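Worksheet: one structure, shown below.
The values are calculated or read from the model by the stated rules, or taken from the named source; none is laboratory data. Note that the structure is predicted; figures quoted are calculated from it, not measured. Neighbour counts are summed over all protein chains in view; Cβ atoms, including those assigned to glycine, are modelled from backbone coordinates with ideal geometry. Each accessible area value is taken on the protein alone, full model and side chains, heavy atoms only, with ligands, DNA and RNA left out. Shrake-Rupley method; radii C 1.70, N 1.55, O 1.52, S 1.80 Å.
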Amino acid sequence: MPEKLTKKNKVYLLMLRIIKQLLPLFIVQFFTWLALFSLWIYATPVITKYIFNTTDAESTAFENGTTWVGICFALYSTLAALLAFVIPRLTKSFSKYKVHAMALLIGSIGLLLIYYIKNQYVLLISFVFIGIGWSSISNIPYSIIGEIAPENKMTTYFAVFNFSIVIPQITAAFLLGFLTRHYFAGETNLTILTGGIAMFVAGCIMFFVKEKEVE
């Protein structure tokens with residue numbers, strides 16, 4: 001019995017240590033992914049309503065709007081994939097933490113601009129900025145975890161870190177809908193604007209995360 005308790009205590013201590021080490025990144029990830037889910041959930045209603053001026057799902061304008069959403073998403077995904085080859089070079093010259101912070105701030109500009117842009121072609125600029133942010137989001141945090149995790153605990157660290165995506169996803173499912181209905185009067189562009197603010201907060205926090213805090 002004492003042996004079993006000792007093993008459990010070791011597990012608890014390990015989990016507490018990992019959470020303590022990763023807490024700054026967890027906070028950054030929370031605001032980052034909350035922003036991303038605001039985009040993924042509300043991009044179609046925002047672009048069709050505020051760019052293509054329709055809420056009629058049976059109209060040609062709505063169909064054109066959903067097609068344009070696909071083009072915008074393809075643009076930022078393709079750009080992010082291309083930039084994935086550039087990021088390792090940047091992180092050799094600059095701190096990964098500062099590079100990620102700058103990328104998040106650039107991504108937040110892209111999200112914030114969606115609220116103001118009313119032209120479908122100008123909207124592409126917004127998604128270029130989002131692509132820069134997404135490229136860093138899908139690379140640098142995992143690279144940081146790979147550096148700070150002991151080799152024999154790598155799987156455990158990544159398993160715990162995955163909660164930094166799951167928790168914002170669950171939060172977004174309830175919080176964003178609640179805000180949209182009860183505070184934004186159904187104006188979904190305000191929801192994405194909120195996402196832009198969340199990513200801006202993530203970028204600002206990342207600037208103050210020091211490497212020694214997660215070593």
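A few comments on the model shown:
- Whole-Å semi-axes of the ellipsoid equivalent to the stretch 34-100 (Cα gyration tensor, √5λ, descending): 34, 13, 7
- Relative contact order (percent, whole number), the stretch 1-82, Cα cutoff 8 Å, 6+ residue spacing: 16 percent
- Leading residue at positive end of dipole, the chain (Cβ point charges), from 167, 47, 157: 157
- Filter on 10/96; 20/98; 98/153; 153/210; 92/153; 118/210 - keep pairs with C-alpha separation over 28 Å: 10/96; 118/210
- Largest-first ordering by accessible area, 1.4 Å probe, given options 175, 23: 23, 175
- In percent, rounded to a whole number, the relative contact order of the chain is 37, using alpha-carbon pairs under 8 Å and six or more apart.
- Summary of the geometry: the stretch 64-89 and the stretch 140-161, compared by the centres of their Cα atoms, lie 27 Å apart.
- Scanning the chain for chymotrypsin sites (Phe, Trp or Tyr not before Pro) that sit in a DSSP loop and have at most 14 other Cβ atoms within 10 Å, the longest stretch containing none of them is 1-84.
- In the chain, the portion of solvent-accessible area held by carbon and sulfur atoms comes to 67 percent [1.4 Å probe, whole percent, DNA, RNA and ligands not counted].
- 20, 98, 10, ranked by accessible area, largest first (probe 1.4 Å): 20, 10, 98
- Taking all pairs of distinct alpha-carbon atoms in the stretch 71-215, Kirkwood radius in angstrom: 16.5 Å
- Structure remark: mean-square fluctuation, Gaussian network model of the chain, C-alpha springs under 10 Å; the largest value among 147, 187, 58 belongs to 58.
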